[in-house]
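Written below as structure tokens is the structure these notes are about.
Nothing in this text is a laboratory measurement; each read-out follows from the coordinates by a stated rule. Since the model is a prediction, treat every value here as computed from it, not as a measurement. Ideal geometry is used to build each Cβ from the backbone, glycine not excepted, and the neighbour counts take in all protein chains shown.
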Amino acid sequence: MRSVPNAAPPPRSPSVRGRRWYTVAAVVGAMFASTLAVVATSANAADPLISQGKTATASSTENAAFPASAAVDGSTGTRWSSAFSDPQWIQVDLGGTAAISQVVLNWEAAYATAFQIQVSASATGPWTNIYSTTTGTGGTQTLAVSGSGRYVRVNGTARATIHGYSLYEFQVFGVIGGGGGCGTANAALGRPASASSQEGAFAAANAFDGSTGTRWSSAFADPQWIQVDLGSAQSICQVILTWEAAYATAFQIQVSGSATGPWTNIYSTTTGTGGTQTLTVSGSGRYVRLNGTARATAWGYSLFEFAVRTGGTPSNPPSSPPPASPSASPPTSPSPNPGGEVLLSYNKPGVASSSQDDGACWQCFPARAFDLDPASRWATSAWTDPGWIYVDLGATAQIKRVVLQWDPAFAVAYQLQTSSDAVNWTPIYTTTTSTGFKQNITVNGTGRYVRMYGTQRSNGYGYSLWEFQVYGTGGAPTTPPAQPPNPTFPATRLVFSDEFNGAAGSKPDASKWTIDTGTGQNAELQYYTNNNNANMNGAGQLVMEARREAAGGMQYTSHRMNTGNKFHFQYGRVEARVKVPKGNGFWPAFWMMGADFLTGRPWPYNGEIDIMEILGRDTTRSYTTLHAPAYNGGGGYGFEKVWGIDLSADYHVYAAQWDSNGIRFFVDSTEVFYASKATVEATRGPWVYDHPHYMILNLAVGGDWPGSPDASTPFPAQMLVDYVRVYQ
């Protein structure tokens with residue numbers, strides 16, 4: 001999670017009082033801005049988020065604009081704020097007794113230095129502490145806890161500021177019913193599966209293999225089903241569906257004692273939202289089936305995972321799920337041109353009801369929604385209803401599909417309309433239950449102009465779209481720039497290599513690396529020197545050394561170097577074999593930045609890919625994170641891996657395999673995280689990584705996240721790099 005000097009401007013909330021844990025400074029003349037979206041990486045990745053959308057209450061609110069419900073709505077564009085006094089509390093009703101494993105607090109600048117996380121069976125207590133601190137740091141706090149209750153409360157007893165307490169998000173992870181016998185094991189893992197159909201190689205078994213790198217996909221028709229044999233009759237208490245972008249808007253979860261039915265519904269919806277759905281159910285059967293009756297897209301149904309939790313230990317569980325193959329091809333998003341349709345809207349003129357152009361959203365003009373640039377957007381300057389934007393396709397077209405990638409300022413209710421004259425409009429799609437993020441909408445209409453006409457906003461701001469894409473036939477399409485082909489993994493063509501085999505005392509290869517000098521970011525304490533802190537050791541490694549010495553007004557010196565303007569690449573496998581130092585305050589990292597940062601695009605709009613970050617205070621954990629306009633800093637999208645071994649004791653290979661479908665992160669041969677483009681777009685915001693990046697290696701000292709060195713920190717300390725390689 002590496003911030004850089006050109007950081008994003010603040011969210012558009014007029015009441016933001018400051019920044020959070022991860023420094024995100026405002027930039028004069030920044031190109032674009034967005035409300036941040038929160039992403040929490042669970043220490044127990046099996047436990048779902050169970051608090052979002054539940055009933056929340058609080059001891060007080062600053063005013064009606066900051067209710068308790070705003071802390072459990074899934075948006076960091078809203079928040080709860082309390083009265084300016086101690087103590088204050090906020091609590092959420094989970095709707096049933098739950099076994100709670102983690103709480104994530106995303107604080108506004110007005111945070112708690114002292115607070116407790118408490119649970120209770122009743123809204124009025126008595127309350128049991130499951131976490132307590134008097135040294136809260138604000139920002140995003142991910143707290144591993146253990147407790148059981150229907151109600152979970154944050155009880156603030158000491159404020160960090162003169163203001164009240166203020167939370168963007170209060171997230172509770174666990175298992176509803178866990179306190180009453182609902183197990184945490186996936187009873188469907190590795191069990192026999194079947195389906196009504198499958199697309200290509202995407203078999204039913206892929207949804208039950210424990211890997212989100214594989215998936216089941218059906219034929220492109222309704223209805224379709226997928227079912228699993230649990231091996232014996234079980235009491236079913238929860239089903240977790242991890243959808244690919246092709247999800248079901250209407251479906252049922254069904255159980256039966258026979259593979260051929262009859263089937264009993266234990267859950268039914270006509271308003272499915274895709275993403276990851278955690279469903280509390282109650283029923284019994286040997287077979288569990290998802291029966292899809294209405295698709296959200298023109299394609300079939302597609303599930304990365306279909307997990308089933310039961311009231312007891314599953315019968316005949318498999319010994320272990322098969323490991324995900326490092327060379328497995330990532331899942332693909334739906335085809336951009338099924339049936340011969342093409343993108344009609346690229347670089348076409350846009351017109352809108354209004355456009356924002358100020359410090360919070362600079363030049364957010366209509367054209368930004370049609371430029372295929374996921375880091376630029378259109379936004380209305382008028383925060384009123386209705387709000388609209390349309391595109392001129394240049395000639396009459398048959399409209400078959402519209403893709404909208406919403407900013408958090410999205411339309412709950414809107415129409416898609418067509419026109420031949422931009423005056424008289426015909427609706428071809430209407431919704432009053434939009435959930436934002438990415439929406440892939442099958443339509444049937446004719447016209448030269450296509451309009452999104454919003455009639456109800458999701459929040460107090462206007463309407464904002466990162467992308468508005470129109471697909472079909474006819475029109476006067478402009479062909480967008482071609483993207484490079486996806487690599488086939490394992491990639492074997494070496495396109496960059498530095499083995500650091502120079503003589504002892506020699507410096508990094510100036511034809512490959514630029515040495516950074518000066519201070520860092522994030523309140524870091526080091527001064528980066530020009531080569532004085534980096535030398536070959538003569539044994540095939542680069543030694544990056546942090547020292548306790550004064551330079552540039554700082555107390556420490558260290559090293560950072562990058563391949564900017566010397567080697568940029570898009571897609572492939574990138575890896576470095578590194579041995580990290582151990583000690584309070586050290587922050588080694590291997591990461592990448594979008595190359596357009598070098599030509600003026602500010603962070604995080606250029607896209608940042610953190611392949612490896614480790615904190616010297618706890619070298620049993622590694623971090624991989626993505627940063628983009630809609631998810632960055634403490635809300636970056638990534639994963640914390642707890643290893644149970646000391647990563648500083650030896651060399652390890654930290655790698656990423658990257659293509660147009662997503663990025664897989666590895667440590668040695670273990671895949672630790674898969675960031676799926678389709679999943680990110682459907683649940684977090686735009687994917688801003690489909691363009692060239694450059695690599696960075698550095699050893700920071702101190703900062704907001706790792707904390708400062710202390711008397712126990714060993715100096716000098718060395719980060720050893722055996723090699724850096726890129727394959728395509």
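Quick notes
- The label-point distance for Q555 and T432, in a model that sets each label 7 Å from Cα toward Cβ, rounds to 6.2 nm.
- Simple rule: put +1 on each Lys or Arg Cβ and -1 on each Asp or Glu Cβ in the chain, find the dipole, and look at T97, W643, V154; the Cα lying farthest toward the positive end is T97.
- Net dipole in debye of the stretch 494-727 [+1 Lys, Arg Cβ; -1 Asp, Glu Cβ; about Cα centre; nearest 20]: 160
- Charge dipole of the chain about the Cα centre (unit charges at C-beta), most positive-ward option of Y267, F115, V578: Y267
- Altogether, the Stokes-Einstein calculation at 20 °C and 1.002 mPa s, with the Kirkwood radius of the stretch 339-474 over Cα pairs as Rh, returns a diffusion coefficient of 149 µm²/s.
- Peptides 464-476, 418-430 ordered by packing proxy, namely the average of other Cβ atoms within 10 Å per residue, highest first: 464-476, 418-430.
- FRET efficiency for the pair V351 and S420, taken as 1/(1 + (r/R0)^6) with r the Cβ-Cβ distance and R0 = 22 Å, rounds to 0.90.
- The chain, relative contact order in percent, only Cα pairs under 8 angstrom and at least six apart counted: 13
- When the Cα atoms of the stretch 494-727 are aligned to their principal axes, the ranges along those axes come out at 47, 36, 35 Å in descending order.
- Charge tally in the Cβ shell below 11 Å around P686, where Lys, Arg are +1 and Asp, Glu are -1, P686 excluded: -1
- Separation of the stretch 406-445 and the stretch 357-403, taken as the distance between their Cα centroids, equals 12 angstrom.
- Dipole magnitude (debye, nearest 20) for the chain, charges at Cβ of Lys, Arg, Asp, Glu: 440
- Three principal axis extents describe the C-alpha atoms of the stretch 55-180; from largest down they are 42, 29, 24 Å.
- On the basis of the beta-carbon distance and an R0 of 41 Å, A123 and S712 show a calculated FRET efficiency of 0.35.
- Positive-end residue of V701, Y631, F500, charge dipole of the chain with Cβ unit charges: Y631
- Taken over the stretch 543-648, the convex hull of the Cα atoms encloses 145 Å³ per residue.
- FRET efficiency for K512 and A649, using Cβ-Cβ distance with R0 set to 41 Å, rounded to 0.05: 0.90
- Counted by Cβ distance under 10 Å from R79, the other residues give a net charge of -4, where Lys and Arg count +1 and Asp and Glu count -1.
- Per-selection Rg to Rh, the chain - Cα, Kirkwood hydrodynamic radius: 0.96
- Relative exposure of H693, H627, H559, judged by other C-beta atoms within 10 Å (fewest first): H693, H559, H627
- The modelled label-to-label distance for the pair L494/K54, using points 7 Å beyond Cα in the direction of Cβ, is 5.4 nm.
- Net charge dipole size for the stretch 193-310 [Lys, Arg +1 and Asp, Glu -1 on Cβ; Debye, nearest 20]: 200
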